[in-house]
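Read through the structure below, which is laid out as structure tokens, and then see the notes.
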Amino acid sequence: MMSEKAKEEKAYRVLESHNILQRVMFRYMLEGHAASEEGKLAWVTSGFPVEIPVAMDVGVSYPEQYGAIVGSEKAGPKLCEYAEELGYSQELCSYARASIGSVKHPAESPLEGLPAPQALLACNNICGTVLRWYDAISQMTGAPVFLVDTPPLEGEQLPHHIAYVRHGLDNLVSFLSKQFGTTLEEDKLREVTDLSTETI
């Protein structure tokens, strides 16, 4: 039998970094909702060349990042269960299942889920699940999927690797232009990539 002391929740001191992170996440979610309401929000996978949509004034949200919020709020088991009810296996990544569950049941999701996307931008440089995950989200939301396919690299980058990825990035720019009615300005892209480089 558990003692009364063991049953009590342990109190933790709230760190200042926690408060800062909450403010950052609140602003991030507000920006995502504003972009979605304007019809200019893309969900992106981690590792996606996000500088391109950002330079084209397309807002971005990260479902993997949202998965961390789901976990911290202890909402993962229920959201994953919703995905499993749709036929998705327990072996599927919990981030993918929680994301699918939150789209299906936003009212039961932390922050009522991510804002609705108008496009889903995936890059398979992280894992192989992302394309099927985004296909599932596309079926639920109607947002089209664009994949930047990256070849596996073992050793040096060869010219045909670079040409292949460059072709994919050119196609990405065309897709975003058509989907969102925006253009890519070289100066804006340089500004965004410089900022990304500074943060590394």
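For Ser61, the residues 5 or more places off, or on other chains, whose built amide H falls under 5 Å of its own are Ala42, Trp43, Val44.
Output the relative contact order of the chain, whole-number percent, from Cα pairs under 8 angstrom with separation of 6+ residues. Once divided by the residue count of the chain, the mean separation gives 21 percent.
Relative to the longest principal axis of the Cα atoms of the chain, the long axis of helix 129-141 lies at roughly 80 degrees.
Translational diffusion of the chain, estimated by Stokes-Einstein from the Kirkwood radius over alpha carbon pairs at 37 °C in a medium of 0.692 mPa s, is 176 µm² per second. Under 5 Å from the amide H of Cys123 lie the amide H atoms of Thr45, Val148, each residue being 5 or more positions distant or on a separate chain, with H modelled from the backbone and absent for Pro and chain starts. Once the convex hull of all Cα atoms in the range 119-187 is built, its volume per residue stands at 100 Å³. Please name which of Gln157, Ala143, Thr193 has its Cα lying farthest along the dipole of the range 45-200 towards the positive end, using unit charges on Cβ (Lys, Arg +1; Asp, Glu -1) and the Cα centre as origin. Among Gln157, Ala143, Thr193, the one farthest towards the positive end of the dipole of the range 45-200 is Ala143. In this Cβ point-charge picture (+1 for Lys and Arg, -1 for Asp and Glu), the chain has a dipole of about 480 debye about its Cα centre.
For the range 86-200, the Stokes-Einstein estimate of translational diffusion at 25 °C and a viscosity of 0.890 mPa s comes to 148 µm²/s, using the Kirkwood hydrodynamic radius over alpha-carbon pairs.
Between the Cα long axis of helix 94-104 and the first principal axis of the chain there is an angle of about 90°, rounded to the nearest 10.
The angle between the Cα long axis of helix 159-180 and the longest principal axis of the Cα atoms of the chain comes to about 70 degrees, rounded to the nearest 10.
No lab work stands behind these numbers, since they all come straight from the coordinates. Remember, predicted model here, so these are calculated numbers, not experimental data. Don't worry about glycine lacking a Cβ; one is built from the backbone with ideal geometry, like all the others, and counts go over all protein chains shown.
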